[in-house]
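Visitor: Below is the structure I would like to discuss, written out as structure tokens.
The values are calculated or read from the model by the stated rules, or taken from the named source; none is laboratory data. Source: prediction; values computed, not measured. No Cβ is skipped: glycine too gets one built from the backbone with ideal geometry, and neighbour counts run over all protein chains shown. The protein model used for the area step is the full one, side chains on, heavy atoms only, and it has no ligands, DNA or RNA in it. Shrake-Rupley method; radii C 1.70, N 1.55, O 1.52, S 1.80 Å.
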Amino acid sequence: MYAAIEELADRMTERLVACRRDFHKYAESGWFEMRTASLIARRLTGMGYEVLAGRDVCHDESRMGLPSDEELEKNYLRAKEQGADTEFLEKVRGGFTGVMGVLRCGKGPTVALRFDIDALGVVEDTSPEHRPFREGFSSVNPGMMHACGHDGHAAIGLGVAEVLMGLKDGLRGTVRIIFQPAEEGVRGARSIVEKGHLDGVDYVLACHISGRETDEDRMSDITAGSGGSLATSKMDAFYYGKSAHAGSNPQDGRNALAAAVTAVQNLLAIPRNSKSDTRVNVGTLHAGSGRNVIPEFAKMELEVRGKTSEGNIYMEQWTQRILRTAAEMHDCTFEVKKMGEAFLLESDKPLMEFIRDVCERDLKTVRVHPRLRREADGSEDFSYMMKRVQDQGGQASMLRILTETAAVGHNRRFDFNDRDALPKAVKSLSAVTCRLLTKEPAID
């Protein structure tokens with residue numbers, strides 16, 4: 001079985017690369033991934049999967065950080081022009097851009113595999129030194145770029161789906177292959193979790209392409225897991241006051257900008273917590289219409305983070321109190337919208353050890369990092385899925401796929417060695433899933 005996995009993955013390398021580069025060229029950011037999702041759904045259907053898409057995958061009210069209806073419709077029309085599959089495009093219209101392929105192989109455990117598919121709001125580099133531009137697959141969609149490897153993750157997911165379908169007669173159990181929208185800003189996983197697609201799952205896996213930074217990294221192709229990412233809450237806060245002439249009738253106004261500034265100053269002064277590293281940042285503040293007008297409206301975009309989920313809760317509670325009190329001080333009203341959220345991400349050690357054993361014992365061309373776990377930077381939406389499975393008594397891990405990158409993630413020059421990373425990721429995830437779904441005892 002494992003020799004077949006390696007052979008299948010090696011044979012599909014050029015198709016994986018072409019798929020990744022197509023997704024890169026037609027990059028779509030969170031909740032706009034309508035072309036991407038429709039083509040994934042069509043490919044899964046062609047392989048013989050039971051395919052769910054759109055509202056069957058994403059719980060409407062649980063989607064966070066949604067663009068406006070006008071923006072969603074504009075991107076639907078663009079997806080149509082750029083070659084989306086017309087049947088599935090209608091299912092994912094309006095930002096319901098999740099897709100799931102289900103493979104049922106009789107009685108046995110349920111394994112979920114998650115692959116994020118969204119791009120970032122980044123303007124891609126157009127210099128000759130940037131390979132995607134030089135070779136003709138840089139993004140044609142202004143202000144959208146796959147600068148974090150999710151184009152590769154989508155291609156890996158389709159590759160794993162093809163391998164597992166080819167080996168299904170030897171498997172026992174169920175596979176759910178989840179293609180998740182809106183990971184950036186940690187906005188999309190909750191809608192899939194709340195739809196129930198992680199219920200009853202015994203093991204959930206994901207992967208992330210990462211650069212090789214150390215000598216140990218350069219000797220390795222994967223790490224068996226990730227951990228240590230920060231729990232986070234993303235919020236937009238809105239202040240509503242009353243405009244007035246700043247010279248003749250200032251007493252008649254209620255200054256929304258003053259309320260927002262009061263909030264910013266106190267947010268940045270939230271007391272530290274000895275039980276958890278914490279973060280707070282106000283990234284944007286927009287208010288006012290003229291120098292002689294009392295501002296009647298202000299909007300800020302902010303986030304808090306914690307090294308533990310409890311630390312993040314501490315920060316969010318302080319934030320809510322400060323936002324409310326600042327509004328009261330300046331006789332304004334306010335509103336807070338949750339735009340994204342993630343929990344602490346921590347892979348399970350038994351599953352990480354299992355992944356290492358599979359790759360070292362059964363695969364010939366995948367080198368496992370000597371350290372089981374890599375510290376994860378920032379925050380990760382996959383934590384929503386991990387927590388649901390772990391709370392049910394299941395196990396979870398996020399593998400790191402190590403390869404050469406042209407720049408750090410979220411940079412306009414980001415690129416990675418797709419011919420190296422993609423087949424090795426397909427081999428690793430396919431082999432681990434196959435071992436979990438054979439009669440051999442999986443994990444003690």
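Visitor: Can you work out which of the residues in region 213-248 that are of a type in the set (S, T, N, Q) and in a loop (DSSP other than H, G, I, E, B) is farthest from GLY311 (Cα to Cα)? Give the steps one after another, and end with the answer.
Guide: Going residue by residue through region 213-248, those that are of a type in the set (S, T, N, Q) are 214, 220, 223, 226, 229, 232-233, 243, 248.
From what's left, in a loop (DSSP other than H, G, I, E, B): 214, 220, 243, 248.
Numbers: THR214: 30, SER220: 33, SER243: 38, SER248: 47 Å.
Result: SER248.
Visitor: Hey, among SER38, SER68, which residue is open to solvent by 40 Å² or more (accessible area, probe 1.4 Å), under 23 Å from the mean Cα position of the chain (by Cα) and of a type outside the set (D, E, K, R)?
Guide: Details: SER38 fails: open to solvent by 40 Å² or more (accessible area, probe 1.4 Å).
Result: SER68 is the single residue among SER38, SER68 that is open to solvent by 40 Å² or more (accessible area, probe 1.4 Å), under 23 Å from the mean Cα position of the chain (by Cα) and of a type outside the set (D, E, K, R).
Visitor: I've got another one for you. Quick one: in region 373-393, of everything that is assigned to a loop (DSSP other than H, G, I, E, B) and out of contact with any strand residue (DSSP E or B) (no Cβ under 6 Å at 6 or more places or on another chain), which residue is modelled with the lowest pLDDT?
Guide: So, considering only residues that are assigned to a loop (DSSP other than H, G, I, E, B) and out of contact with any strand residue (DSSP E or B) (no Cβ under 6 Å at 6 or more places or on another chain), the one modelled with the lowest pLDDT is ASP377.
Visitor: Looking at region 267-276, which of its residues are out of contact with any Ser or Thr (no Cβ under 8 Å at 6 or more places or on another chain) and either crowded, with 20+ Cβ neighbours inside 10 Å or in contact (Cβ under 8 Å) with a residue 40 or more places away in the chain (or both)?
Guide: Initial filter on region 267-276 (out of contact with any Ser or Thr (no Cβ under 8 Å at 6 or more places or on another chain)): 268-269, 271, 273-274.
Within region 267-276, PRO271, ASN273 meet the criteria.
Visitor: Take the residues in region 136-173 that are in a loop (DSSP other than H, G, I, E, B) and closer than 16 Å to LEU399 by Cβ; name whichever of them is most open to solvent (accessible area, probe 1.4 Å).
Guide: CYS148
Quick grid of which residues meet (1) in contact (Cβ under 8 Å) with a residue 12 or more places away in the chain; (2) closer than 30 Å to THR365 by Cβ; (3) of a type in the set (D, E, K, R):
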| residue | (1), (2), (3) |
| --- | --- |
| ARG20 | yes, yes, yes |
| ARG43 | yes, yes, yes |
| VAL51 | yes, no, no |
| HIS59 | yes, no, no |
| TYR76 | yes, no, no |
| ALA84 | yes, no, no |
| GLU87 | yes, no, yes |
| VAL102 | yes, yes, no |
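Visitor: Quick check on this structure: which one of PHE343, PHE416 is surrounded by 16 or more Cβ atoms within 10 Å (Cβ to Cβ) and at pLDDT 95 or above? Walk me through it before giving the result.
Guide: Values: PHE343 fails: at pLDDT 95 or above.
One residue alone meets the criteria, PHE416.
Visitor: Here's another thing I want to ask about it. On the basis of being out of contact with any helix residue (DSSP H, G or I) (no Cβ under 9 Å at 6 or more places or on another chain) and not in a strand (DSSP E or B), does LEU39 make the cut?
Guide: Values: out of contact with any helix residue (DSSP H, G or I) (no Cβ under 9 Å at 6 or more places or on another chain): no; not in a strand (DSSP E or B): yes.
In short, no.
Visitor: Let me ask you something else. Any residue at all in region 296-303 that is assigned to a loop (DSSP other than H, G, I, E, B), at pLDDT 95 or above and touching a Phe, Trp or Tyr at 6+ places or on another chain (Cβ under 6 Å)? Explain how you work it out, then say what you get.
Guide: Keep residues of region 296-303 that are assigned to a loop (DSSP other than H, G, I, E, B), which gives 296.
If we keep only those that are at pLDDT 95 or above too, we end up with 296.
Cutting the leftovers down to touching a Phe, Trp or Tyr at 6+ places or on another chain (Cβ under 6 Å) gives us none.
No, region 296-303 has no match at all.
Visitor: What residue, of PRO132, PRO181, PRO128, is in contact with a helix residue (DSSP H, G or I) (Cβ under 8 Å, 6 or more places away or on another chain), of a type outside the set (Gly, Ala, Ser) and without any contact (Cβ under 8 Å) to a residue 12 or more places away in the chain? Don't jump to the end; show me each part of the working.
Guide: Details: PRO132 fails: without any contact (Cβ under 8 Å) to a residue 12 or more places away in the chain; PRO181 fails: without any contact (Cβ under 8 Å) to a residue 12 or more places away in the chain.
Step by step, each of PRO132, PRO181, PRO128 is checked, and only PRO128 is in contact with a helix residue (DSSP H, G or I) (Cβ under 8 Å, 6 or more places away or on another chain), of a type outside the set (Gly, Ala, Ser) and without any contact (Cβ under 8 Å) to a residue 12 or more places away in the chain.
Visitor: Also: I'm checking my understanding of the structure. Among residues of region 42-65 that are in a loop (DSSP other than H, G, I, E, B) and of a type outside the set (Val, Ile, Thr), which one is surrounded by the fewest Cβ atoms within 10 Å (Cβ to Cβ)? Write out each step before concluding.
Guide: Step one: of region 42-65, the residues in a loop (DSSP other than H, G, I, E, B) are 48-49, 57-59, 63-65.
Imposing the further condition that a residue be of a type outside the set (Val, Ile, Thr) reduces the set to 48-49, 58-59, 63-65.
Values: GLY48: 12, TYR49: 21, CYS58: 28, HIS59: 17, ARG63: 22, MET64: 22, GLY65: 19.
The qualifying residue surrounded by the fewest Cβ atoms within 10 Å (Cβ to Cβ) is GLY48.
Visitor: Considering each residue of region 78-120, count those that are of a type outside the set (A, V, I, L, M), open to solvent by less than 40 Å² (accessible area, probe 1.4 Å) and assigned to a strand (DSSP E or B), and give that number.
Guide: Residues meeting the conditions: 6.
Visitor: Scan region 121-135 for residues that are in a helix (DSSP H, G or I) and not hydrophobic (A, V, I, L, M, F, W, C) and report the count.
Guide: Number of matching residues: 3.
Visitor: Something else: Quick test for you: out of GLY101, GLY30, pick the one residue that is over 30 Å from GLY136 (Cα atoms) and of a type in the set (Gly, Ala, Ser).
Guide: On the way: GLY30 fails: over 30 Å from GLY136 (Cα atoms).
Of the residues listed, the single one that is over 30 Å from GLY136 (Cα atoms) and of a type in the set (Gly, Ala, Ser) is GLY101.
Visitor: Given (1) of a type in the set (Lys, Arg); (2) over 30 Å from VAL193 (Cα atoms); (3) not in a helix (DSSP H, G or I), where does LYS338 come up short, assuming only one miss?
Guide: Single failed check for LYS338: (2).
Visitor: Scan region 221-243 for residues that are over 10 Å from ARG374 (Cβ atoms), out of contact with any helix residue (DSSP H, G or I) (no Cβ under 8 Å at 6 or more places or on another chain) and open to solvent by less than 10 Å² (accessible area, probe 1.4 Å) and report the count.
Guide: Of the residues in that region, 0 qualify.
Visitor: Taking the criterion of being of a type in the set (Val, Ile, Thr), touching a residue at least 60 places away in the same chain (Cβ under 8 Å) and in contact with a Pro (Cβ under 8 Å, 6 or more places away or on another chain), would at least one residue in region 335-353 satisfy it?
Guide: At the first step, the residues of region 335-353 found to be of a type in the set (Val, Ile, Thr) are 336.
Remaining after also requiring touching a residue at least 60 places away in the same chain (Cβ under 8 Å): 336.
If we keep only those that are in contact with a Pro (Cβ under 8 Å, 6 or more places away or on another chain) as well, we get none.
No, region 335-353 has no match at all.
Visitor: Please work out if GLU316 is surrounded by 16 or more Cβ atoms within 10 Å (Cβ to Cβ), at pLDDT 95 or above, part of a helix (DSSP H, G or I) and on the phi < 0 side of the Ramachandran plot.
Guide: Working: surrounded by 16 or more Cβ atoms within 10 Å (Cβ to Cβ): yes; at pLDDT 95 or above: yes; part of a helix (DSSP H, G or I): yes; on the phi < 0 side of the Ramachandran plot: yes.
Yes.
Visitor: A further question on this structure: Among the numbered conditions (1) within 20 Å of SER379 (Cα to Cα); (2) surrounded by fewer than 20 Cβ atoms within 10 Å (Cβ to Cβ); (3) not β-branched (Val, Ile, Thr), tell me where GLY290 comes up short.
Guide: If we test GLY290 against (1) within 20 Å of SER379 (Cα to Cα); (2) surrounded by fewer than 20 Cβ atoms within 10 Å (Cβ to Cβ); (3) not β-branched (Val, Ile, Thr), just (1) comes out false.
Visitor: Of the numbered conditions (1) open to solvent by 30 Å² or more (accessible area, probe 1.4 Å); (2) touching a strand residue (DSSP E or B) at 6+ places or on another chain (Cβ under 7 Å), ALA406 satisfies every one except a single condition; which is it?
Guide: With (1) open to solvent by 30 Å² or more (accessible area, probe 1.4 Å); (2) touching a strand residue (DSSP E or B) at 6+ places or on another chain (Cβ under 7 Å) applied to ALA406, the lone miss is (2).
Visitor: Kindly provide the set of residues from region 297-312 that are crowded, with 24+ Cβ neighbours inside 10 Å and farther than 16 Å from ALA342 by Cβ, ordered by number.
Guide: Matches in region 297-312: ALA298 only.
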